[in-house]
Amino acid sequence: MLKYFVAILLSVCSIITCFADDSYDPETGVLTIGIVNIGGTTGTFYTNVTVTVDAILTINSANRPPPGYDTYDPATNKLGIPTVIVGGGTTYTNVYVTVGNIIAVGAKCESPEACGVTVPSSPSIATGSGGSTTGVNKCLAGTYYATSTYCASCSSGYYSGAGATYCNKCSAGTISAYASSSCTSCAAGKTSLAGASYCTSCAVGTYSPAAGSSSCTSCAAGTYQGSTGKSTCDQCPAGKYSPDKSPACYTCSAGTYSEAGFSTCAYCVGGTYSSAAGSSKCTTCAAGTYSPGASSSCIACPAGKTSPAGSKNSSDCYSI
């Protein structure tokens, strides 16, 4: 990796715009370098270099890099950064990191001035939330003190604030990427276990109603959900039913019925019937017929007899 880094830098010759300040994206781990010197050698300055950071070693170090440009030591794979802006906001000084992958390299220069970069006569010391006037090391958010001199990145599913001595596990319903400073809530219809790096869609028959749900909830009886990743369950229509945690509604058989949102089908009572599956109500038996209940049709009284409408038993039939 070290030889590869040096070889790429030595092969670039075109001159393009130079920038003195570095910027670091903690979400992706990508560092954009304004100008860097390789191995302390005269004439080996390179501009607009983009790399990934393997590890953050120290921040606000008492061992300051030269002002105005980064320095890279191929023997140790260590990059010294005078000033870096993190996440588009906080500025840190005197930072040391190790380099991961090389993404892009700009131009080669004989000196910083040849690229239009003015080197200050003395290094500045950042103050405020991201700096220190005492030179005390401080790990970036998304990293922690693995040792007294080494900042390691938090694993996926964990996070930390600046200066942390350990990483916190994301709670159930939230996730984080590698080297994160905070956790992100899973969207409604999804959830996650504690310490997860990705959200999982709720299964059929379940739902999660709000962002950051720690678990998926079973659909109540009389409702269903046939798709994954949903935030609500749908009510079963009349003529159908469902038990809890159901992926679908089921049709009531002849002799039974249901109203919307029923968890089971109800039997038609005596004196009524439903002739077709999926009935939303039962029909009263006509005069001259009867039914004992749970019937798909009414039974006719014997010849010469009749019965009132809605009769339940054969004893309700009487001679004409």
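The values are calculated or read from the model by the stated rules, or taken from the named source; none is laboratory data. On a predicted model such as this, the values are computed, not experimentally measured, just so you know. All Cβ positions, even for glycine, are placed from backbone atoms using ideal geometry, and neighbour counts span all protein chains on display.
Tallying residues that are over 33 Å from the mean Cα position of the chain (by Cα), hydrophobic (A, V, I, L, M, F, W, C) and either in a loop (DSSP other than H, G, I, E, B) or at positive phi (or both) within the stretch 92-109 yields 1.
Does CYS285 satisfy being within 30 Å of TYR224 (Cβ to Cβ), buried (at least 20 other Cβ atoms within 10 Å of the Cβ) and not β-branched (Val, Ile, Thr)? Show your work before the answer.
Numbers: within 30 Å of TYR224 (Cβ to Cβ): no; buried (at least 20 other Cβ atoms within 10 Å of the Cβ): yes; not β-branched (Val, Ile, Thr): yes.
It is false that CYS285 is within 30 Å of TYR224 (Cβ to Cβ), buried (at least 20 other Cβ atoms within 10 Å of the Cβ) and not β-branched (Val, Ile, Thr).
Considering each residue of the stretch 268-282, count those that are in contact (Cβ under 8 Å) with a residue 24 or more places away in the chain and surrounded by 17 or more Cβ atoms within 10 Å (Cβ to Cβ), and give that number. Full working, then the answer.
At the first step, the residues of the stretch 268-282 found to be in contact (Cβ under 8 Å) with a residue 24 or more places away in the chain are 268-273, 277-282.
From the residues that got through so far, the ones that are surrounded by 17 or more Cβ atoms within 10 Å (Cβ to Cβ) too are 268, 270-273, 278-279, 282.
Residues in the stretch 268-282 being in contact (Cβ under 8 Å) with a residue 24 or more places away in the chain and surrounded by 17 or more Cβ atoms within 10 Å (Cβ to Cβ): 8 in total.
Just one of the numbered conditions (1) modelled with pLDDT of 80 or more; (2) within 33 Å of the chain's Cα centre (by Cα) is not true of ASN77: (2). Take TYR178 and tell me if it is touching a residue at least 40 places away in the same chain (Cβ under 8 Å), part of a loop (DSSP other than H, G, I, E, B) and under 21 Å from CYS139 (Cβ atoms). Yes.
A single entry from VAL99, VAL86, VAL95 fulfils the requirement of being touching a helix residue (DSSP H, G or I) at 6+ places or on another chain (Cβ under 8 Å), under 29 Å from ALA141 (Cβ atoms) and at pLDDT 80 or above: VAL99.
Each row is one residue, and each column tells you yes or no for (1) of a type outside the set (S, T, N, Q); (2) at pLDDT below 90; (3) in contact with a Leu (Cβ under 8 Å, 6 or more places away or on another chain).
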{"site": "VAL117", "(1), (2), (3)": "yes, yes, no"}
{"site": "ALA126", "(1), (2), (3)": "yes, yes, no"}
{"site": "GLY142", "(1), (2), (3)": "yes, yes, no"}
{"site": "ALA172", "(1), (2), (3)": "yes, no, yes"}
{"site": "SER176", "(1), (2), (3)": "no, no, no"}
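Answer yes if at least one residue in the stretch 222-238 is among the hydrophobic types (A, V, I, L, M, F, W, C), out of contact with any Phe, Trp or Tyr (no Cβ under 9 Å at 6 or more places or on another chain) and assigned to a loop (DSSP other than H, G, I, E, B), and no otherwise. No; the residues of the stretch 222-238 include none that is among the hydrophobic types (A, V, I, L, M, F, W, C), out of contact with any Phe, Trp or Tyr (no Cβ under 9 Å at 6 or more places or on another chain) and assigned to a loop (DSSP other than H, G, I, E, B).
Check GLY239, GLY229, GLY261 and return the single one that is surrounded by fewer than 23 Cβ atoms within 10 Å (Cβ to Cβ) and within 25 Å of the chain's Cα centre (by Cα).
GLY229
Looking at SER315 and the list (1) surrounded by fewer than 21 Cβ atoms within 10 Å (Cβ to Cβ); (2) in a loop (DSSP other than H, G, I, E, B), which single condition is not satisfied? Going through the list (1) surrounded by fewer than 21 Cβ atoms within 10 Å (Cβ to Cβ); (2) in a loop (DSSP other than H, G, I, E, B), SER315 breaks only (2). Just one of the numbered conditions (1) crowded, with 19+ Cβ neighbours inside 10 Å; (2) at pLDDT below 95 is not true of SER197: (1).
Of all residues in the stretch 151-166 being part of a loop (DSSP other than H, G, I, E, B), touching a residue at least 24 places away in the same chain (Cβ under 8 Å) and surrounded by 20 or more Cβ atoms within 10 Å (Cβ to Cβ), which is nearest to the chain's Cα centre (by Cα)? So, considering only residues that are part of a loop (DSSP other than H, G, I, E, B), touching a residue at least 24 places away in the same chain (Cβ under 8 Å) and surrounded by 20 or more Cβ atoms within 10 Å (Cβ to Cβ), the one nearest to the chain's Cα centre (by Cα) is GLY157. Evaluate the stretch 34-49: report whether one residue or more is at pLDDT 85 or above, among the hydroxyl-bearing types (Ser, Thr, Tyr) and surrounded by fewer than 19 Cβ atoms within 10 Å (Cβ to Cβ). No, there is no match, as no residue in the stretch 34-49 is at pLDDT 85 or above, among the hydroxyl-bearing types (Ser, Thr, Tyr) and surrounded by fewer than 19 Cβ atoms within 10 Å (Cβ to Cβ).
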